[in-house]
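Take a look at the structure set out below.
The values are calculated or read from the model by the stated rules, or taken from the named source; none is laboratory data. The shown structure was predicted, so the numbers you read here are calculated from the model rather than taken from an experiment. Virtual Cβ from ideal backbone geometry, glycine too; neighbours counted across all protein chains shown. We work out accessible area using only protein heavy atoms, side chains counted, and drop any ligands, DNA or RNA first. Shrake-Rupley method; radii C 1.70, N 1.55, O 1.52, S 1.80 Å.
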Amino acid sequence: MTAIKYMQIMGDLKEQVEMGILEPGDMLPSENTLSNRYGVSRMSARKGLLLLAEKGYIYSVPGKGYFVSEPRYNKHILY
């Protein structure tokens with residue numbers, strides 16, 4: 001069974017952030033670049049990026065692109 005492409009994009013970028021390959025402030029590849037690299041539509045690439053943004057790994061600057069976020073050390077976890 002093949003993986004859902006936007007999940008693969010999200011997973012690959014998340015792994016690069018966690019391993020330090022992509023550092024805070026680094027610009028991520030554009031939606032067009034990711035769509036060409038993974039052979040998917042631009043909407044699939046965008047969905048992968050949006051999921052990463054929802055998890056706090058990256059953020060978007062309108063007109064510029066997506067960038068790696070600073071890690072959040074002051075998050076509280078309630079049980």
Problem set entry | Complete set of residues in the stretch 15-64 that are surrounded by 16 or more Cβ atoms within 10 Å (Cβ to Cβ), not in a helix (DSSP H, G or I) and not aliphatic (A, V, I, L, M) | Pro29, Tyr57
Exercise. Given the conditions (1) in contact with a strand residue (DSSP E or B) (Cβ under 9 Å, 6 or more places away or on another chain); (2) under 24 Å from Ala3 (Cβ atoms); (3) at pLDDT 95 or above; (4) among the hydrophobic types (A, V, I, L, M, F, W, C), which single one is not true for Leu34?
Worked result: (1)
Problem set entry | Subset of the stretch 65-79 (residues that are at pLDDT 95 or above and open to solvent by 90 Å² or more (accessible area, probe 1.4 Å)) | none
Exercise. Within the set of pairs 6 or more residues apart or between chains, which connect a residue that is closer than 15 Å to Tyr59 by Cβ inside the stretch 1-30 to a residue that is among the polar types (S, T, N, Q) with Cβ atoms less than 6 Å apart?
Worked result: Leu22/Gln16
